[in-house]
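The structure appears right after this line, and notes come after that.
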Amino acid sequence: VAKDVNIYFDELEGVNSPSKDDDSLLHHGNLTSTSDDASRLEVVGEEVPDKNKTNGLYFRDGKCRIDYILVYRKSNPQTEKREVFERNIRAEGLQMEKESSLTNSDIIFVKLHAPWEVLGKYAELMNVRMPFRRKIYYLHRRYKFMNRIEKQISRFRGWLPRKPMKLDKETLPDLEENDCYTAPFSQQRIHHFIIHNKDTFFNNATRSRIVHHILQRVKYEEGKNKIGLNRLLSNGSYEAAFPLHEGSYRSKNSIKTHGAENHRHLLYECWASWGVWYKYQPLDLVRRYFGEKIGLYFAWLGWYTGMLFPAAFIGLFVFLYGVTTLNHCQVSKEVCQATDIIMCPICDKYCPFMRLSDSCIYAKVTHLFDNGATVFFAVFMAVWATVFLEFWKRRRAVIAYDWDLIDWEEEEEEIRPQFEAKYSKKERMNPISGKPEPYQAFADKCSRLIVSASGIFFMICVVIAAVFGIVIYRVVTVSTFAAFKWALIRNNSQVATTGTAVCINFCIIMLLNVLYEKVALFLTNLEQPRTESEWENSFTLKMFLFQFVNLNSSTFYIAFFLGR
């Protein structure tokens, strides 16, 4: 079969015909490989681990690891674009293997593997940091008296109960990169890096990141904008594109007796399971499996969750204080006892006069959340917000030092493929690197920023209009509910008006959130940011402005305009 596959692909390379994307040789479970080395290995009959062949993470030869998956349908008419795209993928050095789906013969999976030469080349271009020297820890000299005291303290700690929030160090693997300094990978200085095995030197997250970087810069058609996997996904040439996990997150055997099957299984048992919700996160393992960005995100999320505990404790104290002082509140007492005070109707025609004592329950419920301790809670939250931010900066500095990410953002700067394709004809010398780079004219940049700012202003105006629409709705529907036929709604017209207004406001907020995300994505792509970090910053700013106005507009109305 391997010989037939080789002959088949050799003929395709020599003849430029529409049959290049024809998968008539594919059957359920059969593979077609463009890796000549892998085919030769199978013809020779070298032994390969059976585990690699059966776990679905390798090519048929059991040696080439799958770094990325592309999915398309045979019936899709975008055949020519896929042919050009896959031909350019092979030209970049990636190895390819195809397999038909077991459940639907129309679906084809394209497996991609990046060999060592491709990984080394693009790791150097992308400034991927790799371990090159072990860290040396220097211990301060201690006096004998201090050593004795520390021994006594450690002996005393042994009698105390074990800290339940700490992870068991025996279940976590010894991650080598945590004990090593890192530096941007360089093929000229490859002898300085710690390479025990070329197949495992780049972890799976780095391999997938490199392949994704290549796929975003491969052309599928002649033209300055005919580039990248994202466009092929949007026009339907491919159904999906994704990297693979390391294996199953479940195992028949217990992790305590047999150990973890892989890092995914270990993460599930000690991080993503409900049974360990109270334990600290294995951030080093998260960083190794998902990469630095995801690791930093969960580090921030864990820190934010931990810092919410004191705020939640103070908030609970304020609520309990309101419960205990409910019978002693002078305001609610006066409201409940004011049976002789008559209030004006809410609306003109159908609303009756009401007594002030009718709002007794509302006054008591308000006291639970708005009492004398609320002022202390407001001052505490103002201080808490500042302390949280400053303490997070310290925590982030510690993580950046441990992970060797001090100058990571500066080294990670890459020109976006969309920017390269758009402005490839205009180049100028980079004053820092001395290399020619695509250049965006100042007039073009200003015009795009003006259009983007106009779009942001328009969407903010839409939010404000929605808030005033809710206000008008409440004014109009109070009289409508007061004249309703059902006595239940007629007697509780104010509650019905408030309830329906809240539901409508909630639906508007959720719909506008979905709309805002698409608008922010469109405006950010319209600006054509130069680097990935500029794109992320621009997109984050837009989403922050949109969501801040969208989520807090009702609060601002209640605080500053309601009743005036």
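For the range 76-93, state whether one or more residues are touching a Gly at 6+ places or on another chain (Cβ under 9 Å), open to solvent by 40 Å² or more (accessible area, probe 1.4 Å) and in a strand (DSSP E or B).
no
Could you list all residues from the range 228-243 that are buried (at least 16 other Cβ atoms within 10 Å of the Cβ) and either of a type in the set (S, T, N, Q) or touching a helix residue (DSSP H, G or I) at 6+ places or on another chain (Cβ under 8 Å) (or both)?
Result: Gly228, Leu229, Leu232, Ser237, Tyr238, Ala241, Pro243.
List pairs: first in the range 539-555 and more than 14 Å from Ile508 (Cβ to Cβ), second of a type in the set (D, E, K, R) and open to solvent by less than 70 Å² (accessible area, probe 1.4 Å), Cβ under 8 Å, 6+ apart or cross-chain?
Qualifying pairs under 8 Å: none.
Of the numbered conditions (1) in the same structural domain as Phe391 (by the TED database); (2) surrounded by 16 or more Cβ atoms within 10 Å (Cβ to Cβ), Trp300 fails exactly one; give the number of that condition.
With (1) in the same structural domain as Phe391 (by the TED database); (2) surrounded by 16 or more Cβ atoms within 10 Å (Cβ to Cβ) applied to Trp300, the lone miss is (2).
Exactly one condition in (1) over 20 Å from Leu562 (Cβ atoms); (2) more than 33 Å from the chain's Cα centre (by Cα) is false for Cys461; which is it?
The number of the failed condition is (2).
Please go through the range 265-292 and give me each residue that is in a helix (DSSP H, G or I) and more than 17 Å from Phe202 (Cα to Cα), ordered by number.
His265, Leu266, Leu267, Tyr268, Glu269, Cys270, Trp274, Gly275, Val276, Leu283
Determine whether Ile190 is surrounded by 20 or more Cβ atoms within 10 Å (Cβ to Cβ) and touching a residue at least 60 places away in the same chain (Cβ under 8 Å).
Against the criterion (surrounded by 20 or more Cβ atoms within 10 Å (Cβ to Cβ) and touching a residue at least 60 places away in the same chain (Cβ under 8 Å)), Ile190 does not qualify.
Among the candidates Gly322, Gly295, single out the residue that is of a type outside the set (S, T, N, Q), under 26 Å from Phe380 (Cβ atoms) and assigned to a helix (DSSP H, G or I).
Selected residue: Gly322, the only one of Gly322, Gly295 that is of a type outside the set (S, T, N, Q), under 26 Å from Phe380 (Cβ atoms) and assigned to a helix (DSSP H, G or I).
Starting from residues that are at pLDDT below 85 and assigned to a loop (DSSP other than H, G, I, E, B), keep the ones in the range 215-227 and report whichever is least open to solvent (accessible area, probe 1.4 Å).
Filtering the range 215-227 down to residues at pLDDT below 85 leaves 221-227.
Okay, now just the ones that are also assigned to a loop (DSSP other than H, G, I, E, B), so 221-226.
Numbers: Glu221: 72, Glu222: 161, Gly223: 28, Lys224: 102, Asn225: 54, Lys226: 77 Å².
Applying the filter and picking the extreme gives Gly223.
Go through Val365, Val387 for me and flag whichever is open to solvent by less than 100 Å² (accessible area, probe 1.4 Å), farther than 30 Å from Leu267 by Cα, at pLDDT 85 or above and in a helix (DSSP H, G or I). Break it down into steps so the answer makes sense when it comes.
Details: Val365 fails: at pLDDT 85 or above.
Selected residue: Val387, the only one of Val365, Val387 that is open to solvent by less than 100 Å² (accessible area, probe 1.4 Å), farther than 30 Å from Leu267 by Cα, at pLDDT 85 or above and in a helix (DSSP H, G or I).
Of the residues Tyr297, Tyr278, which single one is hydroxyl-bearing (Ser, Thr, Tyr) and farther than 23 Å from Val211 by Cβ? I'd like the intermediate steps shown before the answer.
On the way: Tyr297 fails: farther than 23 Å from Val211 by Cβ.
The match here is Tyr278.
Do you know which of the residues in the range 191-214 that are in a loop (DSSP other than H, G, I, E, B) and not polar (S, T, N, Q) is nearest to Phe290 (Cα to Cα)?
My answer is Phe202.
Residues Gln95, Gln78: which one is at pLDDT below 90 and in the same structural domain as Asp199 (by the TED database)?
Values: Gln95 fails: at pLDDT below 90.
From the options Gln95, Gln78, the qualifying one is Gln78.
Taking the stated definitions as given, is Val128 at pLDDT below 90, open to solvent by less than 80 Å² (accessible area, probe 1.4 Å) and among the β-branched types (Val, Ile, Thr)?
Answer is yes for this residue.
Tell me which helices (runs of 4 or more DSSP H) are completely within the range 478-564 and hold 1 or more residues being under 30 Å from Lys293 (Cβ atoms) and assigned by the TED database to the domain that holds Ala421, or say none if there are none. Step through it out loud before you land on a result.
Working: elements: 487-491, 493-527, 532-560.
It comes to 493-527, 532-560.
The values are calculated or read from the model by the stated rules, or taken from the named source; none is laboratory data. These numbers come from a predicted model, not from an experiment. A quick note on method: Cβ atoms are made from the backbone with ideal geometry, for glycine too, and the neighbour counts reach across all protein chains shown. Calculation scope for accessible area: heavy atoms of the full protein, side chains included, ligands and nucleic acids excluded. Shrake-Rupley method; radii C 1.70, N 1.55, O 1.52, S 1.80 Å.
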